[in-house]
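Here the structure comes first, spelled out in structure tokens, and everything after it is commentary.
None of the figures in this text is laboratory data; all of them are computed from the coordinates on show. Being a predicted model, the structure only gives us computed values, none of them experimental. Heads up, the Cβs are rebuilt from the backbone with ideal geometry, glycines too, and the neighbour counts pull from every protein chain shown.
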Amino acid sequence: MIPPGVKTFFAEWRVASLADLSVHFGVEPHAMRGMSEQWIRKAKFRKLLHGASCPSCCEACNSDELEIYEWLE
């Protein structure tokens with residue numbers, strides 16, 4: 001289950017990294033990833049390709065460790 005307030009969070013940010021979600025909701029990254037995968041299956045989230053959501057290019061976007069999610073509702 002996604003923590004309460006995730007829809008509000010995405011209403012403001014639209015896209016967020018796994019690290020951002022984990023810190024904001026106080027959930028370990030592996031647990032947040034599992035929650036996110038459930039919502040991907042329910043078509044609430046979508047995982048973006050690396051760097052696809054950045055308005056400007058940066059070194060962090062090229063990292064294989066970075067997972068970026070978008071809320072779809």
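Considering only region 1-50, give the helices (runs of 4 or more DSSP H) lying wholly within it that have at least 3 residues that are in contact (Cβ under 8 Å) with a residue 40 or more places away in the chain.
Where helices (runs of 4 or more DSSP H) fall fully within region 1-50 and carry at least 3 residues being in contact (Cβ under 8 Å) with a residue 40 or more places away in the chain, they are 6-13, 18-25.
Looking at (1) surrounded by 14 or more Cβ atoms within 10 Å (Cβ to Cβ); (2) in contact with a Ser or Thr (Cβ under 7 Å, 6 or more places away or on another chain); (3) of a type in the set (Asp, Glu), which one does Glu28 not meet, given that it meets all the others?
With respect to (1) surrounded by 14 or more Cβ atoms within 10 Å (Cβ to Cβ); (2) in contact with a Ser or Thr (Cβ under 7 Å, 6 or more places away or on another chain); (3) of a type in the set (Asp, Glu), Glu28 is out only on (1).
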